[in-house]
1. Note down the nm distance, to one decimal, between modelled labels 7 Å out along Cα→Cβ at residue 92 and at residue 169.
2. When the chain is fully extended, how far beyond the present Cα-Cα distance does residue 63 get from residue 110, taking 0.36 nm per residue of separation?
3. Give me the percent of the accessible area of region 63-169 that comes from carbon and sulfur atoms, probe 1.4 Å, all protein chains in place.
4. Determine ³J(HN,Hα), in whole Hz, for all residues of region 103-114 in sequence, where each value follows from phi through the Karplus function 6.51 cos²θ - 1.76 cosθ + 1.60 and θ = phi - 60°; x replaces Gly and Pro.
5. Which value in Å does the Kirkwood hydrodynamic radius of region 58-170 take, with 1/r averaged over all unlike C-alpha pairs and then inverted?
6. Taking only protein heavy atoms into account and a 1.4 Å probe, give the accessible area per residue of region 71-170 in Å².
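The values are calculated or read from the model by the stated rules, or taken from the named source; none is laboratory data. Here the structure is a predicted model, which is why all the values come from computation and not from measurement. Every residue, glycine among them, receives a Cβ derived from its backbone with ideal geometry; neighbour counts consider all protein chains shown. Protein only, heavy atoms only, side chains kept; ligands, DNA and RNA dropped before computing areas. Shrake-Rupley method; radii C 1.70, N 1.55, O 1.52, S 1.80 Å.
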Amino acid sequence: MEMVGRAKFMRNTYLLFTLLFIAALSSCNKQPFDAEVEKEKNQTFSPAVFKKKDTLIFRKILTRAKEKNWAQKDMGQIIAQVGEEFLGKSYKAKTLEVGSSEKLVANLRSFDCTTLLENTLAIAFTIQQDYGSFADYLKNLERIRYRNGKLNGYLSRLHYFTDWLHQNSR
């Protein structure tokens, strides 16, 4: 497949997955991270790997969200808005493979299909939680990416999309 065709295919794949999650989450009557999030707000999270540019991208999205009052929208709409912020970002495989031990990787510069969804959801939940901090976003990302919401080595990461769907539908 030529590069232009691959880029178009990947962009369409991102959009398709985002739309699937919007539909799935919009059909839920409960908020995924209700009281548990409040309880964990002051707890520490696993060591994270990110760059300063990731924090700047996060702040830019949260600033836009506050200006447009996204937190007042339903979750499906928030996810769509956040997902639109990532249009045009590049596809990159193996963005979570950093170092010899499992770490929470927050990369808002490039994505594979699953990391696009994870980051979009984590930011959407952070917006819904009163426009929380970057640390709140990292906590949400860990809850989404790892089995039972906790990073506990490489095997705790939800590697298969079916596992990811099963875990995060709860």
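1. Result for the modelled spin labels: 3.2 nm.
2. 14.9 nm
3. The computed percentage sits at 47.
4. Working through the residues one at a time gives 9, 6, 9, 10, 10, 9, 9, 8, 9, 9, 4, 6 Hz.
5. 14.4
6. 45
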